[in-house]
Amino acid sequence: MNAPQLSIIVPVYNEEAGLPALFSRLYPALDMLAQKRQLQYEIIFINDGSRDRSAAMLGQQFEARPDTTRVVLFQNNFGQHMAIMAGFEYARGEYIITLDADLQNPPEEIDALVQELVAGHDYVGTIRTNRKDTLFRKSASRLMNHLREKITHITMTDQGCMLRGYRRRIIDLVGKCNESNTFIPALAYTFATNPTEITVQHEERFAGESKYSVYQLIRLNFDLVTGFSVVPLQIFSILGMLLALAAGSLFATLLIRRFIIGAEVEGVFTLFALTFFLIGVMLFGLGLLGEYIGRIYQQIRQRPRYVVQAVLEKP
Ligand code: UDP
Ligand code: MG
């Protein structure tokens, strides 16, 4: 068999409820695409340490379609981005597409992405039209998008959509990065020379629940910010200077008032409010510093980023 030209990468974490529907839509869509474009494809499922029957179901699917299916089984849960990273390592195609397992992005859209890759783009981003997520998720992600555009050089309209296409060259470069915390679409974007964006449909999650808690979303967003910019740290040094300046002038004013008006003892509560506010700012700054230092610490330990237990593939 020739090496496939198209690799689809699907991270799977506790998706037993949705997998049958995924299989029944993904394979026909790709069969059609393969026939239309005269190419071969492979689907690489990465089981990210699921605790339900996902791994067994992926095994069954491998038995059913061994020529187009490969399954990488992680020993533990290492996170969606690490799963995609492993997928990149195993992918053989010239065109690589990442897709979520929950059918929020219709597999039928893959053809449109391949179209752009064939046309010569090395990075195909996506924008979700009428996004079907909670209002909280949508507004939080809009806010993060703005922030990211301000402090990094990455310009993406919609950072969160994981249905994306990459050329081999980009994937090889991403593979050379050994960072232990990362955000794949942004990392890949930094290597793109001819990026483009297309709009894709977005649907409700077909089955199961989102695998991201609010806490994990916050962690992910710190990855996105700290991984691509040190501007947040610089903002704190500037903020510190401004505050020192303001406090200095306040002190001077108070001193002058002391001589003109005499002793004043009002505004105790204002003082409290101000102090607590400043303590809050300081703690946030300290925490932010900790985010960077924690990442440096994780990085220097050089532990494996993920551990593969087994790979199911045709010899
Ligand atoms: N996922 C994963 N490991 C994790 C969390 C999620 O592999 O630790 C997979 C999950 O199975 C799905 C994709 O990543 O295929 C996106 O997850 P989800 O749909 O829960 O995220 P959301 O759409 O809510 O951002
Ligand atoms: Mg989803």
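Just so you know, all these numbers are worked out from the coordinates, no wet-lab data involved. Bear in mind the structure is a predicted one, so any value in this text is a computation, not a measurement. Cβ atoms come from the backbone with ideal geometry, glycine included; neighbour counts cover every protein chain shown.
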Euclidean distance of C-alpha centroids, the range 62-124 and the range 1-45, integer Å = 8
Once the Cα gyration tensor of the chain is diagonalised, semi-axes √(5λ) in Å | 48, 20, 18
Mind checking which of 233, 33, 283 has the largest fluctuation in a GNM of the chain, springs on alpha carbons under 10 Å?
-> 283
So how far, in whole Å, is the C-alpha centre of the range 177-206 from the one of the range 272-315?
-> 21
Return a whole-number percent for the relative contact order of the range 1-113, with Cα pairs under 8 Å and 6 or more residues apart as the contact set.
-> 43
Table column - 3J(HN,Hα) (Hz), the range 195-206, Karplus curve with 6.51, -1.76, 1.60, x for Gly and Pro | x, 8, 9, 10, 8, 10, 6, 9, 10, 5, 4, 5
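Can you tally the net charge around residue 185? Count Lys and Arg as +1, Asp and Glu as -1, for every other residue whose Cβ sits under 12 Å from the Cβ of residue 185.
Once all neighbours under 12 Å are counted, the net charge is -1.
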What percent antiparallel are the DSSP beta bridges of the chain, to the nearest 5?
-> 30
Length-normalised contact order of the chain in % [C-alpha pairs under 8 Å, at least 6 apart] = 23
D (µm²/s, integer) via Stokes-Einstein for the range 34-184, Kirkwood Rh across alpha-carbon pairs, 25 °C, 0.890 mPa s: value 144
Largest fluctuation, 209, 179, 116 only, Gaussian network model of the chain with Cα springs under 10 angstrom, belongs to 209
Any idea what the dipole of the chain comes to, in debye rounded to 20, about its Cα centre with Lys/Arg Cβ at +1 and Asp/Glu Cβ at -1?
-> 640
Calculate the spin-label point distance for residue 118 paired with residue 231, positioning each point 7 Å from the Cα along the beta-carbon direction, and give it in nanometres.
-> 3.8
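Nearest 500 deg cm²/dmol is fine: what mean residue ellipticity at 222 nm does the chain get from its DSSP H runs of n ≥ 4 alone, each adding -39,500 (n - 2.57), divided by its residue count?
-16500 deg cm²/dmol
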